[in-house]
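Here is the structure we will look at.
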Ligand code: PRX
């Protein structure tokens, strides 16, 4: 309680200052909001016929310091994509300042704390603007400026949202790391981007847990983060933390007393807005880079259309800001559109499995956006937790992050949507910045397990994996690719453009390859099948199998390992690890626990294997490659159709793997 009071005190609003400085900011207009499926079809056709005209029209609705000279300059060979070249802007002026005269008093961020009894916090657009300005000034006072990287390792508290926006305001590049990653994973990300500052909290409340976030940052620093000049510590629970006089600064001490206005850094459209690390099929996670102009235009446009947001609605996305969904659809998209965006500190099952529905009823939520893994987990707890809550304000409910199975879709539709609320199943990725394939809430036809049609401006293609040719006509299936740039496509992977090229632009020359397989039905609706590379999606969290293997292999007694995904009722996919241990080492539960602990240490709890099978050897091709196809089948219990194993270097390994299945 006391902590919240401290927090509110430094957000005190100074109306005169704010008004005088921003009265010249023109009234906001919004991108086109489509109102019927027929209109969608017309707009889609128009957006494809002349993408530049279409996106310029959307971009014109924002506040620019200088208009662009050229709408789009691109090739998918280097690759190089530049939208709104020569234009300059600041995304936070579009999220905040331009709303002040029209909706200054409207709630921008509605914060629902972990404990149901604790008071909610409502930050109006004016208060949020003031708070962002104060933190911007504090960051500048700490020597942070345009182009510097700032890493976040924080719980879902308003200070996270405020400080991320403050980075954007001064042109610093934010790199938010999900606060469930380990110290090692945090240090890797801090070092990859040479972050000058880490912003963290003391502790993180999640359900009944109280996690010592600052300790993890201390451990990361101890591992070696030479670029870090300061650690800014937000006092969340107020419990004691270790203090490093050289580095650590209290957030409130730096922020309180800072002026309530702060001139926004004028950014080029293609200046970097943020880095967000995500896993791929090889090597360590890569920093996906998004830039200011295109990301702004696309997140606002997609938010407005998919959720059919109307002024006054209360919108809630349950994601964490540590993931792209939180960036695009808790923060930027909604704030750009002047929405009220709910931010939730807790977890779906605390104090019990009705929490989501209680929050929906309490705040009269109109649009609700969550992940299939949460839907399945809540479905498993029983209908009594959802039935009986007043969900009558819901107008659109959304799903994101992984394929939604039919059972979960039907349950969501019947028990949350009460059979009347449209579901939007939104397919997209960290790299796409915004939703790519999705129904528009209430306008588009919907079909369980189908994401639907591409958004305007999005030119999808299915590619035959053998011929490399585009499959035209319907129905069809193939590798899911995109033929033409959309404004929020990733621009590069931080510090390694070649990796961006080889990962996304070489599988199908001339196209962006998503890593997913998909099919189109007779009506052209898309259904995502899942990843076709060595990426697994565990509870909506994206992990590379190689990344988990590397962590397992860190254990001194492990000789080799192979990790695959297998179907899991709640998580979508579980992690199955085949492990070879050194001769004479007793392979049993103690070693299993040590391996799990190793993965927690190297990556974090989200990556810990669900099943570990000790094996003598792994089935390999004659060139020494592990036959993952077979391991995936065995882990899925599908040992009847393993295909031809005679070409293996060691076909006998298959039998022993099957015999030892856990
Ligand atoms: O496999 C797809 C799956 O999640 C991957 C992207 O993960 P990430 O970058 O972490 O972003 C998740 C949030 C946008 C995709 O390659 N995925 C995402 N949404 C869906 C999905 N699979 C099926 N249906 C979806 N709606």
Selection count where residues are in contact with a strand residue (DSSP E or B) (Cβ under 9 Å, 6 or more places away or on another chain) and either more than 11 Å from residue 337 (Cβ to Cβ) or surrounded by fewer than 24 Cβ atoms within 10 Å (Cβ to Cβ) (or both), scope the stretch 299-319
9
Can you tell me which residue in the stretch 470-486 is nearest to the ligand (Cβ to nearest atom), limited to those that are within 26 Å of residue 49 (Cβ to Cβ) and part of a strand (DSSP E or B)?
480
Hits in the stretch 246-296 (condition: assigned to a strand (DSSP E or B) and within 16 Å of the ligand (Cβ to nearest atom))
274, 275, 276, 277, 278, 286, 287, 288, 289, 290
Which numbered condition residue 441 fails, given (1) closer than 30 Å to residue 192 by Cα; (2) more than 14 Å from the ligand (Cβ to nearest atom); (3) buried (at least 20 other Cβ atoms within 10 Å of the Cβ):
(1)
Can we say residue 314 is in contact (Cβ under 8 Å) with a residue 60 or more places away in the chain, more than 22 Å from residue 539 (Cα to Cα) and away from the ligand (no atom under 16 Å from the Cβ)?
yes
Could you count how many residues in the stretch 395-412 are touching a helix residue (DSSP H, G or I) at 6+ places or on another chain (Cβ under 7 Å) and more than 12 Å from the ligand (Cβ to nearest atom)?
3
Does residue 319 satisfy being assigned to a loop (DSSP other than H, G, I, E, B), closer than 30 Å to residue 547 by Cα and in contact with a helix residue (DSSP H, G or I) (Cβ under 6 Å, 6 or more places away or on another chain)?
yes
Subset of the stretch 327-351 (residues that are surrounded by fewer than 23 Cβ atoms within 10 Å (Cβ to Cβ) and in contact with a strand residue (DSSP E or B) (Cβ under 6 Å, 6 or more places away or on another chain))
344, 347
Taking into account only those residues within the stretch 256-284 that are crowded, with 19+ Cβ neighbours inside 10 Å and at pLDDT below 95, which is farthest from the chain's Cα centre (by Cα)?
280
Among the residues of the stretch 413-432, the number that are within 18 Å of residue 445 (Cα to Cα) and either near the ligand (Cβ under 10 Å from one of its atoms) or in contact (Cβ under 8 Å) with a residue 12 or more places away in the chain (or both) is 10
Matching strands (runs of 3 or more DSSP E) fully within the stretch 503-586 where at least 1 residues are more than 12 Å from the ligand (Cβ to nearest atom):
512-520, 558-568, 572-581
Hey, does the stretch 589-603 have a residue that's in a strand (DSSP E or B), without any contact (Cβ under 8 Å) to a residue 60 or more places away in the chain and in contact with a helix residue (DSSP H, G or I) (Cβ under 8 Å, 6 or more places away or on another chain)?
no
Index of the failed condition, residue 324 passing every other in (1) under 16 Å from the mean Cα position of the chain (by Cα); (2) away from the ligand (no atom under 16 Å from the Cβ); (3) buried (at least 23 other Cβ atoms within 10 Å of the Cβ):
(2)
If a residue counts only when it is out of contact with any strand residue (DSSP E or B) (no Cβ under 6 Å at 6 or more places or on another chain), which strands (runs of 3 or more DSSP E) contained entirely in the stretch 76-138 have at least 2 such residues?
80-85
Meets criteria (under 21 Å from the mean Cα position of the chain (by Cα), within 16 Å of the ligand (Cβ to nearest atom), more than 30 Å from residue 66 (Cβ to Cβ) and in a helix (DSSP H, G or I)) for residue 299:
no
Quick check on the stretch 229-240. Is at least one of its residues touching a residue at least 40 places away in the same chain (Cβ under 8 Å), within 29 Å of residue 497 (Cα to Cα) and surrounded by fewer than 18 Cβ atoms within 10 Å (Cβ to Cβ)?
yes
Looking at the stretch 45-68 only, could you name the residues that are farther than 23 Å from residue 336 by Cβ and either touching a strand residue (DSSP E or B) at 6+ places or on another chain (Cβ under 6 Å) or in contact (Cβ under 8 Å) with a residue 12 or more places away in the chain (or both)?
48
Does residue 489 satisfy the criteria of being within 23 Å of residue 48 (Cα to Cα), within 11 Å of the ligand (Cβ to nearest atom) and in contact (Cβ under 8 Å) with a residue 12 or more places away in the chain?
no
For the stretch 32-71, enumerate the residues that are touching a helix residue (DSSP H, G or I) at 6+ places or on another chain (Cβ under 7 Å) and assigned to a helix (DSSP H, G or I).
46, 47, 54, 55, 58, 59
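The values are calculated or read from the model by the stated rules, or taken from the named source; none is laboratory data. None of these values were measured; they are calculated from a predicted model. Reconstructed Cβ throughout: ideal geometry from the backbone, glycine too, with neighbour counts over all protein chains shown.
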